[in-house]
Amino acid sequence: MTYISECSAPDLSDIRTPVLANYTLNISLAGGGTSDRKAGSFVINCILTIDKAIREYNAGRGLLVQYVASANRTTLLIESLGRFETCINSAKRALRHVDRLARHAGGPDVERAVRRLLDSYGKAITPVRDAIEHMDDAVSAERLADGEPHTLAISRDSKYLEIAGHRLAFNRLAQLLRHLHGLAEELARFNERSVGLPDT
């Protein structure tokens with residue numbers, strides 16, 4: 001009998017990646033991007049980490065689907081959790097790049113509404129990411145309560161990723177990745193030479 005009986009992680013296979021390919025085409029064929037080196041670095045790193053987060057999410061979900069259909073092939077579940085862990089770390093890194101880009105005067109603008117939205121998702125993902133990164137300290141200091149997972153796990157109802165008393169709903173993670181992808185596509189299309197020009 002498998003640990004979980006269904007995969008509740010939303011399917012994101014409709015999201016087109018890598019977005020970095022579109023960014024490269026925009027720069028090389030349309031003269032797009034920004035001339036501000038620091039902003040350009042933030043944009044590239046932002047798109048890279050968003051692409052990676054989505055790629056790892058889809059890989060993790062695919063392994064989870066295989067696990068549910070298997071005869072309890074535990075290695076599939078373990079590998080899936082590793083992919084989701086990388087996804088969470090990459091999504092958190094992407095949010096940091098977005099924040100830096102938003103505070104930088106040069107380069108593409110990140111709308112205030114988008115920043116507020118991403119910040120709310122960041123508040124949901126940060127405790128789980130921090131628990132993953134600092135689990136060795138929590139174990140050493142004996143801060144874990146009895147029964148709390150000391151590595152990333154999936155709740156029995158398959159709706160949450162959880163660790164050390166923190167939970168992140170798959171639905172919430174998937175929504176964050178969709179919003180990040182939308183921002184990545186906007187950044188990939190940015191051309192500072194067309195900023196402020198009227199639409200034709």
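Look at ARG83 and say whether it is part of a helix (DSSP H, G or I) and of a type in the set (D, E, K, R).
On the way: part of a helix (DSSP H, G or I): yes; of a type in the set (D, E, K, R): yes.
So ARG83 fits the description; yes.
Might you let me know whether the range 38-55 holds any residue that is more than 30 Å from LEU168 (Cα to Cα) and free of Cβ contacts under 8 Å to residues at least 60 places away in the same chain?
Within the range 38-55, none of the residues are more than 30 Å from LEU168 (Cα to Cα) and free of Cβ contacts under 8 Å to residues at least 60 places away in the same chain.
How many residues, within the range 9-26, are surrounded by 16 or more Cβ atoms within 10 Å (Cβ to Cβ) and not in a loop (DSSP other than H, G, I, E, B)?
6
Mind listing whichever residues of the range 155-198 are in a strand (DSSP E or B), under 15 Å from GLY122 (Cβ atoms) and modelled with pLDDT of 95 or more?
We begin by selecting, within the range 155-198, every residue in a strand (DSSP E or B); these are 160-163, 166-169, 191.
Still in the running and under 15 Å from GLY122 (Cβ atoms): 166, 168-169.
Those that are in a strand (DSSP E or B), under 15 Å from GLY122 (Cβ atoms) and modelled with pLDDT of 95 or more: LEU168, ALA169.
Count, please, the residues in the range 31-88 that happen to be modelled with pLDDT under 95 and among the aromatic types (Phe, Trp, Tyr).
Within the range 31-88, residues that are modelled with pLDDT under 95 and among the aromatic types (Phe, Trp, Tyr) number 1.
Residue under question is ARG61, and the condition is that it be crowded, with 19+ Cβ neighbours inside 10 Å, on the phi < 0 side of the Ramachandran plot, basic (Lys, Arg) and assigned to a helix (DSSP H, G or I); does it hold? Walk me through how you get there before you give the answer.
Values: crowded, with 19+ Cβ neighbours inside 10 Å: yes; on the phi < 0 side of the Ramachandran plot: yes; basic (Lys, Arg): yes; assigned to a helix (DSSP H, G or I): yes.
For ARG61, the condition - crowded, with 19+ Cβ neighbours inside 10 Å, on the phi < 0 side of the Ramachandran plot, basic (Lys, Arg) and assigned to a helix (DSSP H, G or I) - is met.
Residues in the range 41-76 that are among the hydroxyl-bearing types (Ser, Thr, Tyr) and touching a Lys or Arg at 6+ places or on another chain (Cβ under 7 Å): how many?
First, the residues of the range 41-76 that are among the hydroxyl-bearing types (Ser, Thr, Tyr): 41, 49, 57, 67, 70, 74-75.
Subsequent filtering for residues that are touching a Lys or Arg at 6+ places or on another chain (Cβ under 7 Å) retains 49, 67.
Of the residues in that region, 2 qualify.
The values are calculated or read from the model by the stated rules, or taken from the named source; none is laboratory data. Being a predicted model, the structure only gives us computed values, none of them experimental. Methodologically, a virtual Cβ is constructed for each residue, glycine included, from the backbone with ideal geometry; neighbour enumeration extends over all protein chains shown.
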